[in-house]
Amino acid sequence: MLRYITYRSLVAVFLVWIVVTLVFLLLHLVPGDPAEVLLSQGSTAADPQAVANLRDRLGLNDPLWLQYAHHIGGILTGDLGTSFRDGAPVAGQIVQRLPRTLEVIVTAALIAVLLGVPAGTLAAIRAGGWIDNVISFLSSLALSTPVFVVGSVVILIFAQELRLVPAGGYVPFAVDPARHILLLLMPAGTVALALWAVVARMSRGSVLDVLERDYVRTARAKGLKRRRILKRHVVRNAMIPVLTVLGLEMGTLIGGTVLVEFVFNWPGLSGYLVSAVDARDYPEVVGIVMVISILFVLLNLVVDIVYAVLDPRISLTR
Amino acid sequence: MRKLILPVSILAVILALVVLAPVLPLADERAMDIPHRFAGPSMAHWLGQDEFGRDVLTRLIYGARASLSIAIGSALAAALIGTALGLLGGYFRGIVELFTVRAAEIILCLPPLLLALLVVTIFGAGFWPLILALTLLYTPNYARVVYAATLQVRALDFVTAQRALGTHPLKIVLRTMLPNVLPPLVVQISLVIASAIVIESGLSFLGLGVVPPTPSWGLMIRAARGAMEQAPLLLLWPSVALAGTILTFNLLCDRLQSVLDPRAVPAGGAIWLRRRRTTPIAPRIAPDQVERDHAPADLLSVAGLTISLDRPGGIGSGMELVRGVNLGLRTGETLALVGESGSGKTLTSLAVTGLLPDVLKITAGTAAYRRRDGELRDLIAEDEDGHRQLRGDEISMVFQDASAALNPVHRIGEQLTEVILAHRAIGRAAAKREAVALLGRVGIPDAERRARAYPHELSGGQRQRAMIAIAVANRPKLLLADEPTTALDPTIQAQILALIADLKRESPEMGVVFVTHNLAVVAEIADRVCVMYAGQVVEEGPVAKVFARPRHPYTVALIGSVPEGDAERLVAIPGAIPAPGHMPPGCSFAPRCDHAVAACRKAPPPEFWPEPDRRTRCLRFEEVT
Amino acid sequence: MTMRLTRRSFLATSAAGAALTFVGPKALRAATNGTLRFGLSAYPPSFDAWASSGSAAGTIKLMMHRGLLGFGPDGKMRGELAESFSVDDDGVWTFKLRDAKWHDGSPVTAEDIAWNVAEAAKPDSTAYFRGEFQSIVKVETPDDKTVRMITKEPSAVLPGWFAHFNMPMIKKGEAPDTTMGAGPFKLEKTDRGVSLSLVAFDGYYKEGLPKLAGIQAIVYADENLRVAALDAGDVDLIEYVPWQAMEQIEANDQLALDAVDGPFMYLTFNAEHPPFDDPKVRRAIAHAIKREDIVAAAFYGRGGPLEHLPLAEGSEYYNADLAHGWNYDPEKAKALLAEAGHPDGFECTMLATSQYGMHQSTAEVCQAYLSMVGINVRLDLPEWATRVQKGNQGQYDMAVMGTTASNNDPDGMTQLVDGSLPASFVRSYGLKTPKLTELLAKGRQTFDEAKRKAIYEEMEKQAIEETPIVGLAWRSQGFAMKKTVSGFTNMPGQLCFYSPETLEETALG
């Protein structure tokens, strides 16, 4: 186990290094200059000398390899650098933003599992029946409705017409727990919609698969009650691949909740990443992407470990 | 295939609209009419006009052009690249795997949006950069799926054989591996297309998509969202188009899955899980009528059991797999059911316990069973709940492949405890103690520790012992053992047989139905033998008598095919069992029979009773030796 | 209409506010007035006082800082840290400071001011006015309260620099991105990217101001959500009201809209890419586009056609006879094209950005109209940063642009049409305009009103001929607020982004 984790960690470090390098290079390849963008805000003509001065100050006039060396050197000493825009430490900003994004994703995953597993199981048990068709229709709908449409409609109905919720935004939990949860539920619910569809579809397929297994027949042959067979021998086994896929989906969501964050004004990591790219804030982009890829790799590792825990046949060796 | 008609025809209509758009009588998709912006539906503009006064219907159809060609284009491109990477990585492994599959996985580490943003920013917004971005995004998915499938196929015998023969690796990959990884690939493609349509709309919403004035659904939604107050319908049309198309693709994907892998989706799901009885039972003979003097079976008496394929509308529905089977079992007796694969012996035993797969239906027959309390029940007429009370308690089954029949994620002890708790009102701790004792009883050493093991941690023999422990946990009256030793090697086989004999000695009143194709086993364990062929009982009688003087040519052939010593398989009988749909008009064994005469081929032979305790279905039983 | 209404209510409340100050201490005022929740369109990219960091940063700077000069709600330039300002016959500007305090309580001195000018003008400075300040050759501080600025050549537009929100004064020795200024509010807390909390500065130099106890500025990047937040009561005041929402806000009796036509859209050209070096082609394009359709399609009718240089009708420099110099006349456009040797039109690209809907929509309408005179336009819609770079480097044929001038003085047009300035995405690329350059320089050095008018009229005539840019549309810039918010005024014309200066007089309830 320990050896396995060490091995995987080494691979992860290598992977993250490649990602960071890739992003660093791509960013310098992308048109648009950080200094120029910053000083051209509000559609004003920037003084070329001022732009040159800022470039100098930001170290953008150094050769690329030197900039890269500086950056990697910084990262190795635990320093993600400071924002090109206002000099805010990147690490601090990520520490502030990351939990908010994770909060949305985890809540969404919880909702998706709590509603998706029963829905998928029901659809599988009634495969071909009307319940199956309704669930299949709803999940297709959930998958295909763009989040920005969902968001706009939710805000229109619940915030503007019914006035039940605020029109998006963020309040720290410590300041106002009730409002925090209310605000959290909107983006989380919207993310959960698509995730629910994935979980429901996966559960359906997986349950159908498990229902055909010999051990389910054995369970029946034991004379167990339906509920127990379903819980212990069908759903329990069917959930293994579902949770794996869910874990991977969650990985993609870190940094992939841009639209939801935008529509609900939720200040998470994805929105931060996009604003950093828009501003060509290289240290911020590299820092955020690095953290996202580390999390992604970690999550994959966790998924594998959880998989091994759920399915005793899998052993963590390589 | 019929299942595919609906989604494919909807898709065909959509694609036809898209392809034929230029020749359809549509308005100019770019012609602005700003004074009439946001005009509602009219005769000239069926779906109204957008924020520039352009015709919404036209833009919807042209929008499909952009959205679908991007989605399909990138899905196919990614499929091509991803498949190549997955195949190569999965086949060659090692360093090749590193540079194909693992390299593709780096993309997964990047947030998808960042990737799209970078690609589009570097190459400029537009059709091709978008395809490139989406292709990059989806390639790792394919690579993963194909890689996993390739690993499975790679380990199969015929691939190993080809490698051993020195076939060129590329040829193996293209000719052998590719066709085998195709089913998961096809499903993946339709999944990706659906997902790509959504992503395209999202990217267009962020301004990273198609360049106006070319319409795309995403652009239309983006524009309509701002004008939600003025013209809510503008948001509705592209959203409906998007959702409808995705729905169709998802449907196609589901149907494809079931067509490519027919095993995956049984018709109607799991019927046994439903409380209501869905299949009406055909009228049957009353149980007491079947008790016949020549088969004084006080424990179980099966009469006229017929099992057919039940797939309404499906191929071969109504085909009879088991035909009018009669058999009886006395208390304490061991009956062996023998025959080749497909003879219906396993189905017969499953029918008695109500465990037939959903696609099979009992269309006639009874199975009279005397319960512990003396009540006579027709097991065929029993519903799931009725069976449930008996199963695991009075009637138990031991299955052939214990490694598949034991749930891999639960400990052996738990799987044993739950059958005890299901039928007896004792405490969990007591049940646990009993489970450990049982494991010891069936010969598993160190039972205390083994109870905590998972099935895969036991050896094959131990697994089957555990399986048997589960079956006898509640001291059943009737034990059905379905080829319990087939998957085991000969030494273990003998031990398991000895165990069953042991258990029988302990519970002399227990009746055993032992399904096997191994005559040596029959001789060792059974009191009587029942030979099945093509869904019928062809001969039945006491083991010693049948072996000494068989009364059916098939039995003769069976005995003849057993080589000296221990035999595994029945190989020497020429010909094959006729398929259920193609039964000959006369005796079903006639085509393979040396004794067959014209009469044999005319009509199915009835049952004859050469001796009071023997029967056969052969016209010429007198001549058979 | 809205303008007058708000102004009246402003007068009423400022009187009430003044009365209150006599009644009780500031604490009481705070309790009655509370904190204004301001729906910001973006989080300030930086707090650099002198850098041009956009209107959101401008809004926050106008809360925290004050410059030597500023603008009143009526749009008139007035003294802020400087009590008065005047110019002598040699063109030397003298500023008399009032008794203002920095947020730390220390007095604002002439030395502070001189330091600001020197720092912003330094070679390595990133100040917006760094270039302009090179013309200030000397800053004298005869006493603590007097600043004299001596320029190379006389400059009539120097006060405009010191009234700009990108040239606020900060305390000597502070870093350029300090949040300590002399403005009405102190920055108390920030949640980067989310919100900023400001509290009233009790040492503000205007008696009885600010009226608010504080401001909570909350960022709503999505314009639709910003409106929804106002509608739902989450905020009291929002900036950048999207045009499609203006009607709905006007119809809402809980809300008030204060919108002015200030910013404008226009086309720039790359004169290094023929045929755009030909003024006839540029002018043909100017005559080929129906401006009303841009206003309707991109701005939901909120704005107005712009068929000359961006000089507002209310301006003293407005020339009615030139106002339609580039009127929509497709026949004339075709004739001009034929004259220039392109009777069948030509193909070209038009740069805009997909990041801002108004740029994209404007480009789409232009594209449609240009195709009618035979000019086939392919749109290039990268995101903003790329668009800026492409504009600065001349990687385009034609481009859609939108901006405001620094203030309502016609010198603001220098940025747009003076070809002697360094290349920038706000003006045409590689286009030399010697006559315009000369006239604009003359205008800057002239103090006499009548003479200036004549100079700028000639400049405009020349510009219509040369067509260095093509005016397309005025766009409405709106603030929306609850009816209970008073004292906030959207300043006229190009000054709309200075409007947060009136937050000092804003009150709630």
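All of the numbers you see were taken from the coordinates with simple rules; none came from a lab. A quick note: this is a predicted structure, and the numbers were derived from the prediction, not measured. Reconstructed Cβ throughout: ideal geometry from the backbone, glycine too, with neighbour counts over all protein chains shown.
Taking the Cα atoms only, what angle lies between the long axis of helix B:490-506 and the longest principal axis of chain B, rounded to 10 degrees?
Value to nearest ten degrees: 60.
Determine by what factor the alpha-carbon radius of gyration of chain C differs from 2.2 N^0.38 Å, reporting the quotient. Walk me through the intermediate numbers first.
Numbers: Rg = 23.2 Å, N = 509, 2.2 N^0.38 = 23.5 Å.
With N residues counted in chain C, Rg over 2.2 N^0.38 Å equals 0.99.
Please report the antiparallel percentage of the DSSP beta bridges confined to chain B, to the nearest 5. If you can, show how the numbers build up before the last one.
Values: 29 of 48 bridges.
Here the share of antiparallel DSSP bridges comes out near 60 percent.
Return the loop-located GluC sites (Glu not before Pro) in region C:308-340 (DSSP other than H, G, I, E, B) with at most 13 other Cβ atoms within 10 Å of their own Cβ; answer none if there are none.
Numbers: sites: C:E313, C:E316, C:E331, C:E339; in loops: C:E313, C:E316.
When the GluC sites (Glu not before Pro) of region C:308-340 are filtered for loop state and at most 13 Cβ neighbours within 10 Å, C:E313, C:E316 remain.
Share of Cα-Cα pairs in region B:47-260 beyond 28 Å, in percent?
Values: 8761 of 22791 pairs.
Beyond 28 Å sits 38 percent of the P(r) for region B:47-260.
Compute the projected area of the convex hull of the Cα atoms of chain A, averaged over all viewing directions, and report it in nm² to one decimal place.
Values: hull surface 85.9 nm².
Approximately 21.5 nm², given one-decimal rounding.
In Å, the Kirkwood hydrodynamic radius of the protein assembly as shown over pairs of distinct alpha carbons?
Numbers: mean 1/r = 0.0267 Å⁻¹.
Roughly 37.5 Å, rounded to one decimal.
Find, among the GluC sites (Glu not before Pro) in region C:169-271, those assigned to loop by DSSP (not H, G, I, E, B) with at most 13 other beta-carbon atoms within 10 angstrom. The partial results should precede the final answer.
Numbers: sites: C:E174, C:E188, C:E207, C:E223, C:E239, C:E247, C:E250; in loops: C:E174, C:E207, C:E239.
Those satisfying the criteria are C:E207.
Multiplying the sequence separation of B:R505 and B:V359 by 0.36 nm and subtracting their Cα-Cα distance, what value in nm do you get? Mind dumping the intermediate values first?
Working: separation 146, 0.36 × 146 = 52.56 nm, distance 3.81 nm.
Full extension from B:R505 to B:V359 adds 48.8 nm.
Output the 0 to 90 degree angle, nearest 10, between the alpha-carbon long axis of helix B:178-205 and the longest principal axis computed from the alpha carbons of chain B.
Orientation of helix B:178-205: about 30 degrees from the principal axis.
Taking the Cβ of each residue in B:V13, A:V171 as the centre, tally the other Cβ atoms inside 10 Å and list the residues starting with the fewest. All intermediate terms of the calculation are to be shown ahead of the outcome.
On the way: B:V13 11, A:V171 18.
The order, fewest Cβ neighbours first, is B:V13, A:V171.
Send over the per residue convex hull volume for region C:81-166, Cα only, as a whole number of Å³.
Values: hull volume 8.3 nm³, N = 86.
Enclosed volume per residue, from the Cα hull, is 97 Å³.
Ratio of alpha-carbon Rg to the 2.2 N^0.38 Å globular estimate for region C:262-475, to two decimals, please. If you can, show how the numbers build up before the last one.
Numbers: Rg = 16.0 Å, N = 214, 2.2 N^0.38 = 16.9 Å.
Rounded to two decimals, the normalised Rg is 0.95.
Can you list the chymotrypsin sites (Phe, Trp or Tyr not before Pro) in region B:14-121 that are in a DSSP coil and have 14 or fewer other beta carbons within 10 angstrom?
Values: sites: B:F38, B:W46, B:F52, B:Y62, B:Y91, B:F92, B:F99; in loops: B:F38, B:W46, B:F52.
In loop regions of region B:14-121 (DSSP not H, G, I, E or B), the sparsely surrounded chymotrypsin sites (Phe, Trp or Tyr not before Pro) are B:W46.
Can you pull the one-decimal nm distance between simple spin-label points at B:R93 and C:N252, each 7 Å off the Cα toward Cβ?
6.5 nm
Enter the angle in degrees (range 0 to 90, nearest 10) between the Cα long axis of helix B:56-92 and the first principal axis of the Cα atoms of chain B, meaning the one along which they spread out most.
It is inclined by approximately 50 degrees.
Quick one: which residues, 5 or more positions from C:G67 or on another chain, have an amide H under 5 Å from its amide H? H modelled 1.01 Å from N in the peptide plane, none for Pro or chain starts.
Excluding prolines and chain starts, which carry no amide H, the hits are C:L81, C:M169.
When N is the residue count of chain B, what does its C-alpha Rg come to as a fraction of 2.2 N^0.38 Å?
1.29
5 Å is the cut-off here: which amide hydrogens, built 1.01 Å from N in the peptide plane, fall below it relative to B:A336, excluding neighbours closer than 5 in sequence?
Amide H neighbours of B:A336: B:F514, B:D527, B:R528, B:V529, B:C530.
I need the semi-axes of the equivalent ellipsoid of region B:88-175: take the C-alpha gyration tensor, multiply each eigenvalue by 5, square-root it, list largest first in whole angstrom.
Values: eigenvalues 233, 30, 19 Å².
Each semi-axis is √(5λ); the values are 34, 12, 10 Å.
In chain A, with Lys and Arg counted as +1 and Asp and Glu as -1 at Cβ, which of these residues, A:G81, A:L184, A:V210, has the Cα nearest the positive end of the dipole, that is, farthest along it?
A:V210
For region A:113-130, what does the Karplus curve 6.51 cos²θ - 1.76 cosθ + 1.60, with θ = phi - 60°, yield as ³J(HN,Hα) per residue in whole Hz, taken in order and with x for Gly and Pro?
6, 4, 9, x, 5, x, 4, x, 5, 4, 4, 5, 5, 9, 3, x, x, 5
Using only helices, what value at 222 nm comes out for the protein assembly as shown when you add -39,500 (n - 2.57) per DSSP H run of length 4 or more and divide by the total residues, to the nearest 500 deg cm²/dmol?
Numbers: 52 runs with 684 residues, N = 1452.
Value at 222 nm, helices only: -15000 deg cm²/dmol.
Check B:A231: other-chain or 5+ apart residues with amide H under 5 Å from its amide H, H built from backbone geometry?
none
Just going by the charge dipole of the protein assembly as shown, with Lys and Arg at +1 and Asp and Glu at -1 on Cβ, which of C:L267, B:L114, B:V419 is farthest out on the positive end?
So the residue we want is B:V419.
Using unit Cβ charges (K, R positive; D, E negative) and no other charged atoms, how large, in debye to the nearest 20, is the dipole of the protein assembly as shown about its Cα centre? Spell out each step's value before the answer.
On the way: 138 positive and 145 negative charges, 1192 e Å.
That gives the protein assembly as shown a dipole magnitude of about 5720 debye.
Neighbouring Cβ atoms within 10 Å as the yardstick, rank A:I18, A:I229 fewest first.
Details: A:I18 14, A:I229 25.
In order of increasing Cβ crowding within 10 Å: A:I18, A:I229.
Considering only DSSP beta bridges whose two residues both sit in region B:420-551, what percent are antiparallel, to the nearest 5?
Numbers: 6 of 11 bridges.
Roughly 55 percent of the DSSP beta bridges within region B:420-551 come out antiparallel.
Treat the count of other C-beta atoms within 10 Å as a stand-in for reagent exposure and order C:T403, C:T489 from fewest to most. Could you put the intermediate results ahead of the total?
Working: C:T403 20, C:T489 24.
Fewest-to-most Cβ neighbours within 10 Å comes out as C:T403, C:T489.
Can you work out the PRE-style zone for B:R428? Point 7 Å along Cα to Cβ, and I want the residues of region A:213-250 with backbone N under 15 Å.
The answer is A:232, whose backbone nitrogens lie closer than 15 Å to the label point.
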